[in-house]
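The values are calculated or read from the model by the stated rules, or taken from the named source; none is laboratory data. Note that this is a predicted model, so its numbers are computed, not measured. Cβ sites come from the backbone with ideal geometry, for glycine too, and all protein chains shown count toward neighbours. Calculation scope for accessible area: heavy atoms of the full protein, side chains included, ligands and nucleic acids excluded. Shrake-Rupley method; radii C 1.70, N 1.55, O 1.52, S 1.80 Å.
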Amino acid sequence: MPDMPKFTKSSPEIIARFAAVMDRYPEVERRKMFGYPAAFVGGNLATGLFAEHWTVRLPEAERAAALAGGAVPLEVMPGKPSNSSLIVPPAVVADDRAIGAWVEKALAHARTLPPKEPGARKKKG
């Protein structure tokens, strides 16, 4: 079994930025994922932080445009890019209107997914 990577903590600044943006969406559930702040709709991850990166989960149909706009696939495990989560470009994170648009796309996508039971996790194998 490969060693788990050491996760770097998010800075207080990006955590505060995430909290301030997510305060606009009181209907989302906020909890931690991989020890980082994240936002869920119906138990499905929509957006969150990973180290110093802001991530969004988007449908496949929107990934190409996001990648063309400077996003890159999230790699929790090096060399294993996520199929659905992307790292938002830093310039977008710094821009209130731009980050709001990305977050709203991620929340809209999460709303289309079947709700998960509280505490439910995917079973392996």
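Scanning segment 92-118 for residues being assigned to a helix (DSSP H, G or I) and open to solvent by 70 Å² or more (accessible area, probe 1.4 Å) gives a total of 7. For segment 46-61, a residue qualifies if it is in a strand (DSSP E or B), touching a helix residue (DSSP H, G or I) at 6+ places or on another chain (Cβ under 7 Å) and of a type outside the set (Phe, Trp, Tyr), and the qualifying residues are Ala46, Thr47, Leu49, Val56, Arg57. Within segment 62-91, the only residue that satisfies the criterion of being within 14 Å of the chain's Cα centre (by Cα), assigned to a helix (DSSP H, G or I) and hydrophobic (A, V, I, L, M, F, W, C) is Ala66. Remark: Pro37 falls outside the filter, which requires a residue to be closer than 25 Å to Pro114 by Cβ, exposed (fewer than 13 other Cβ atoms within 10 Å of the Cβ) and modelled with pLDDT of 95 or more. Just one of the numbered conditions (1) open to solvent by 30 Å² or more (accessible area, probe 1.4 Å); (2) modelled with pLDDT of 95 or more; (3) not basic (Lys, Arg) is not true of Val88: (1). Taking Arg30 as the residue in question, decide whether it is modelled with pLDDT of 95 or more, out of contact with any helix residue (DSSP H, G or I) (no Cβ under 7 Å at 6 or more places or on another chain) and either of a type in the set (Lys, Arg) or assigned to a strand (DSSP E or B) (or both). Spelling it out, it is not the case that Arg30 is modelled with pLDDT of 95 or more, out of contact with any helix residue (DSSP H, G or I) (no Cβ under 7 Å at 6 or more places or on another chain) and either of a type in the set (Lys, Arg) or assigned to a strand (DSSP E or B) (or both). Criterion first (surrounded by 11 or more Cβ atoms within 10 Å (Cβ to Cβ) and free of Cβ contacts under 8 Å to residues at least 60 places away in the same chain) does Pro12 satisfy it? Judged against the criteria, Pro12 is not a match.
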